[in-house]
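Here's the structure we're looking at; comments come further down.
Please treat every number below as a calculation from the coordinates, not as lab data. If you're wondering where the values come from, they're calculated on a predicted model, not measured in any experiment.
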Amino acid sequence: MSRSLLLEPFRILREKAPFVEYVCRNAGLLFSPRVETLAELGQGQMRYALYDILLSLSVVALIVAYSSAFVVGVDLSSTASVFSNIQALFLGCAYYAYFSTGCFFLLILACMGIRRPAGHTRIQGALLLTLHYARCYSLFLLLIVPLLLFLVDRSLQGMLTIDEYLKDEPVHALYFLVPFLAVYLHCCLLPMKRFWAPSKSDVISFMAVFLVTQLALSFNAWLPSVVKLELKWEIVCARMMASNKVAGLSGEERQAFERSCLARGQ
């Protein structure tokens, strides 16, 4: 029996089991990030880039649902329950991801007039860089959404805004920034710089890629929202009533705080 036949069950598992192939693709991006050429695209991983944005949100939903089973003291599903329409968060993430990807394509296509990747036309180079950007964005979603829910949970417990909480817990700010910056630099900026190289200077090439990606991300701030997150104020107030700050109040003060909190949702 040939070796390929022995490995066939594992190949089927990778292709058919939910999210296994997605995890393998992203592991390849993390450990060996590169922009594929046009010749490689037909059999490469970048052809799944737009689909992986949706898959990343599905994986995030699983992380939220089963977080308490993997990390002691963290229950993101409980945090998600404070929103009456948590699906709006996932729809909004997909909306911004595809819009940002489209903006990146237009920006990088305009920049192709400076210099295009060797062996590719302007359109081809812009499309390949855009697909790589979309793959990186799917990784950003895997990092950002669970961390955002974690910060919401901790800020409710301490009755603080997220900014105030991060000032009180600077280590948690590092938990947020370090993975994001590592993925952004290692998986996004450096591979794009090597593939495109708009200048003979590495510094100028790096800055050009950095500016284009930042512009594509910043356009999301101007995009009108299509969905709005709504809070379940009875759950929010119950979480805040259990915080140490409220626990130290007198009975009358606690009742007054609870009434004012519930009134916000009316």
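Lysine pairs in the chain with alpha-carbon atoms under 28 Å apart, 8 or more places apart or on different chains: how many are there? Could the numbers behind the result be given before it?
Numbers: LYS167/LYS228; LYS167/LYS232; LYS167/LYS245; LYS232/LYS245.
Step by step, the pairs that qualify in the chain add up to 4.
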Completion exercise
Sorted by chain and then number, the residues having a modelled amide H within less than 5 Å of the amide H of PHE83, at least 5 places away or on another chain, are LYS232
